[in-house]
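Taken together, the values in this text are just the output of simple stated rules run on the coordinates, not laboratory data. Only a predicted model underlies this, so the values are computations on that prediction, with no experimental measurement involved. Every residue, glycine as well, gets a Cβ built from its backbone with ideal geometry; the counts of neighbours run over all protein chains shown.
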Amino acid sequence: MLASIWFFLWGILWAVYFMLDGFDLGLGTLMPVLAKSDTERKLVYRTMGPFWDGNEVWLITAGGVTFAAFPTTYAALFSGLYSALMLVLFALILRGVSFAFRNEVDSPGWKCLWDTCLTLGSFLPALLLGVAFANIFRGLPLGPGGIYQGGLLTLINPYGLAGGVLFLLLFLVHGALWLAVKSAGVLHDRAAALAAKLWWPLLVWAALFLFATSQATRLFVNYAENPVLFLIPALAVAALVAVYVFIRKAAWWQAWFSSAVTIVAVTLFGVVGLYPNLLPSSIAADYSLTISNSASSPLTLKIMLGVALTFVPIVIAYQVWVHFLFKGKAREEDLAAEEVY
């Protein structure tokens with residue numbers, strides 16, 4: 001029972017991370033397209049600056065839960081996918097450093113360097129996280145003891161790349177909507193128009209990915225056995241349609257929240273389809289890592305549950321406070337007081 005609870009908490013933590021840091025990753029990737037001047041680039045930084053590091057807390061939490069609740073899965077994941085995860089880590093470091101270093105030297109070349117780091121440090125995690133999760137859904141080549149039998153290029157398969165493109169498109173729309181919410185004037189108009197344009201390829205790609213998932217994975221087995229679970233993909237579809245409806249109405253907060261629900265529902269669709277597997281093996285089902293053969297002891301899970309119920313609400317309260325504190329739009333007159341960006 002405890003292992004099942006932690007499995008779904010694990011999935012929820014990843015979903016929350018994608019929902020929150022997704023708009024940072026998408027907006028950072030889109031900055032060269034959306035921001036045409038140094039002032040506009042500063043405004044883009046300003047819309048992300050107060051939030052990006054708090055959003056990444058959920059990535060650390062998801063990784064920490066994997067380590068503490070499912071140590072065998074953690075060992076297999078972070079050893080087998082070491083190269084891919086290091087690429088994600090280095091990209092996230094470059095992105096974080098760009099916020100602090102961009103304004104250290106008043107030089108166009110210096111600023112261009114860190115703007116490029118922000119863009120690459122946003123694009124690569126968005127793509128690679130999608131590739132990683134799609135490969136998990138498909139099944140990794142795990143042998144006895146959860147030993148990964150492939151390499152970095154094993155992950156570069158059509159279904160894995162399709163998952164990377166899906167995540168990237170989800171985050172691009174999410175980021176464009178965030179900028180539409182948090183900016184005004186020409187920058188707002190540009191972001192709003194781009195969000196509307198990106199919605200259509202996202203819709204088409206999501207449909208193609210759903211079909212590919214039915215052919216390349218066993219995620220739908222749980223849904224066939226428990227039809228009520230189809231409410232999760234139905235919610236994803238409804239939320240994605242709602243994004244477009246709210247874009248047409250210029251209801252930007254509602255569009256962003258609908259996009260957030262879409263990302264959460266898409267993530268949970270995959271997580272629920274995996275259960276009880278954490279890392280299914282493409283070699284043999286007996287080699288899969290599940291909640292039964294990779295979970296920590298019941299005492300560890302019980303202690304962790306108490307810790308989580310104590311501290312996660314504190315983190316949520318802090319982030320709500322930060323969003324309330326910086327609830328206004330980013331405006332040019334605010335940039336004069338900024339010490340960074």
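So here's what we get for this one:
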{"read-out": "Residues R41, R248 arranged by fewest to most Cβ contacts within 10 Å", "value": "R248, R41"}
{"read-out": "Anisotropy class of the stretch 63-172 from Cα gyration tensor, a/c 1.5 cut", "value": "prolate"}
{"read-out": "Exposure proxy order (Cβ contacts within 10 Å, fewest to most) of F246, F324", "value": "F324, F246"}
{"read-out": "Alpha carbon centroid spacing (whole Å) that separates the stretch 248-312 from the stretch 1-72", "value": "14 Å"}
{"read-out": "Largest-first ellipsoid semi-axes for the stretch 172-274, taking √(5λ) over the Cα gyration tensor eigenvalues, angstrom", "value": "30, 13, 10"}
{"read-out": "As computed over the stretch 108-184, the Cα convex hull volume per residue (Å³)", "value": "127 Å³"}
{"read-out": "Gaussian network model of the chain, springs between alpha carbon atoms under 10 Å - residue of A251, A162, A84 with greatest fluctuation", "value": "A251"}
{"read-out": "Dipole axis of the stretch 2-335 (+1 Lys, Arg; -1 Asp, Glu on Cβ), positive-most option in F246, T47, G96", "value": "F246"}
{"read-out": "Length-normalised contact order for the chain - Cα pairs under 8 Å, 6+ apart - percent", "value": "28 percent"}
{"read-out": "Fluctuation leader among T300, T290, T217 - the chain, Gaussian network, Cα springs under 10 angstrom", "value": "T300"}
{"read-out": "Cα principal axis extents for the stretch 92-244, largest first, Å", "value": "59, 40, 21"}
{"read-out": "Fluctuation leader among V57, V16, V237 - the chain, Gaussian network, Cα springs under 10 angstrom", "value": "V57"}
{"read-out": "Using distinct alpha-carbon pairs, which all enter the 1/r mean, Kirkwood radius of the stretch 207-341 in Å", "value": "19.0 Å"}
{"read-out": "Fewest-first ranking of V105, V228, using other Cβ atoms within 10 Å as the exposure measure", "value": "V228, V105"}
{"read-out": "Along principal axes, Cα extents of the stretch 272-325, largest first, whole Å", "value": "51, 27, 13"}
{"read-out": "Paramagnetic label zone (point 7 Å from Cα along Cα-to-C-beta, I303; backbone N under 12 Å) in the stretch 1-36", "value": "none"}
{"read-out": "Cβ charges +1 (Lys, Arg) and -1 (Asp, Glu), total dipole of the chain, debye", "value": "580 debye"}
{"read-out": "For the chain, the fraction of alpha-carbon pairs in successive 20 Å shells from zero, as %", "value": "31, 57, 12, 0"}
